[in-house]
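I'd like to ask you about the structure that follows.
Coordinate-derived values only; no laboratory data. Here the structure is a predicted model, which is why all the values come from computation and not from measurement. So basically every Cβ, Gly included, is an ideal-geometry build from the backbone, and we count neighbours across all protein chains shown.
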Amino acid sequence: MRRLPAAAAAVGLMTLALVGCSSSTASGCDRPGSLGAIGSLVTVSGDDSSVAPTVQVSSPIKIDGVQYDDLVTGDGSAIVSDNQVVDVGFTLADATNGEVLAAEGYGQPLYLPLTGLTQAMPGIKSALECATGGSRIVVGLAGDQVEAGFLEQLRLAEGTPLVAVLDLRSVMLPAADGAPQYNDAHGMPSVVLTDDGHPGLVVPDGSAPTERTVEVLKRGDHDVPADGSTVVVNVLQVDWKSKRVTKTTWDDKPDAVALGGDSVVSQTIAGLPVGSQVLVVEPPADASGSASIYVIDILGTLG
């Protein structure tokens, strides 16, 4: 079995950046259990999702487009967004001869945004739509559903079809899904949400609070991360005076924040359950500065 070369790993494994050191299925998500005949052409054995399965391909396989079969259907959160973080193990095989090329994410958790997989294998995006945490899925990808550069790093010719077996051990929430909370603080910004939960801010014209002010906008009903754990969050940060966005993770990938750190985000989310959304106004360090506004969605924990 070949291991993914370093260059291919750079394409496929976009891990989370750690900052801050100084689980329910999506409603209305309809997923057929299979598409195409790939499930009858690939044998997968081994029940422990932390250990690489044995994969046998009835090669050669002719694959048109994208095929998949849910070998195991989990009951965790569903994949509904490209920037969701998953803990995943995956095995790749050459569909033309059955050779197993790589097995990654086994032996220890592998957390990455879905874009870490879909950039290298664009076709896998449709195969994972509405897939849930705890699932094992076999996917067949025609050669035009895989980036040529990724195939080159695997030492395969352009257009080579692939078989992928994925163990989705967990799927982080796409956005906070907690119950709305009543808040009555005067002069605070208002948060508006798109249909997919992406927040925006309406900043009042008055002065910002002179002390850190926190409002829990949604309270989740999932587990409360333990002190010292690493929590996955989406963050929108806006400058009070200019009303300009100074940071957003919504268009890239979420942050991983260590609880117990001294950052505003780490201190604010401590003690809150996954699925919560928090609004924070942090006053400037000196009178000449501007307050910062944060909207934080707590999406899950690592490990």
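Let me confirm the definition first: pairs of Lys residues in the chain, 8 or more apart or on different chains, C-alpha distance under 30 Å. How many are there?
Lysine pairs meeting both conditions in the chain amount to 10.
While we're looking at this one, here's another question. Which parts of the range 91-122 would a label at T43 reach, counting a residue when its backbone N lies under 16 Å from a point 7 Å out along Cα-to-Cβ?
Answer for this model: 98-100.
Once amide H atoms are built 1.01 Å from N in the peptide plane, which residues 5 or more positions from R219, or in another chain, come under 5 Å H to H?
A179, Q181, Q277
Which FRET efficiency value, to the nearest 0.05, is calculated for D184 and E158 with the Förster distance at 35 angstrom and r the Cβ-Cβ distance?
The value I calculate is 0.05.
Can you compute the FRET efficiency between D64 and L193 using 1/(1 + (r/R0)^6), with r the Cβ-Cβ distance and R0 = 41 Å? Round to the nearest 0.05.
0.55
Right, another one. Debye calculation, C-alpha points only, no solvent: report log10 I(q)/I(0) for the range 6-171 at q = 0.08, 0.16 Å⁻¹, in the same order as the q values.
The Debye formula, applied to the Cα set alone, gives -0.21, -0.87.
Counting helices only, and only those DSSP H runs with n ≥ 4, report the 222 nm mean residue ellipticity of the chain as the sum of -39,500 (n - 2.57) divided by its residues, in deg cm²/dmol to the nearest 500.
So the calculated ellipticity at 222 nm is -2000 deg cm²/dmol.
Out of the range 125-200, which trypsin sites (Lys or Arg not before Pro) are coil in DSSP terms and have no more than 14 other C-beta atoms within 10 Å? Each step should come with its number before you reach the end.
Working: sites: K125, R136, R155, R169; in loops: R155.
For trypsin sites (Lys or Arg not before Pro) across the range 125-200 that sit outside H, G, I, E and B with at most 14 neighbouring Cβ atoms in 10 Å, the list reads R155.
Taking the Cα centre of the chain as origin, work out the dipole magnitude from +1 charges on Lys and Arg Cβ and -1 charges on Asp and Glu Cβ, in debye rounded to 20.
320
Going by the alpha-carbon gyration tensor, a ≥ b ≥ c the square roots of its eigenvalues, is the range 179-302 rounded (a/c under 1.5) or, if a/c is not under 1.5, prolate (a/b greater than b/c) versus oblate? Could you put the intermediate results ahead of the total?
Values: a/c = 1.60, a/b = 1.42, b/c = 1.13.
Prolate, because a/c is 1.5 or more and a/b exceeds b/c.
Counting DSSP beta bridges in the chain, what percent are antiparallel, to the nearest 5?
95
Can you work out the PRE-style zone for V72? Point 7 Å along Cα to Cβ, and I want the residues of the range 96-128 with backbone N under 19 Å.
103-112, 128
Counting other beta carbons within 10 Å of each residue's own, what order do K243, K253 fall into, fewest first?
Fewest to most other Cβ atoms nearby, the residues stand as K243, K253.
Could you tell me how far the Cα centroid of the range 97-121 sits from the Cα centroid of the range 202-262, in Å?
The range 202-262 and the range 97-121 have Cα centres spaced 30 Å from each other.
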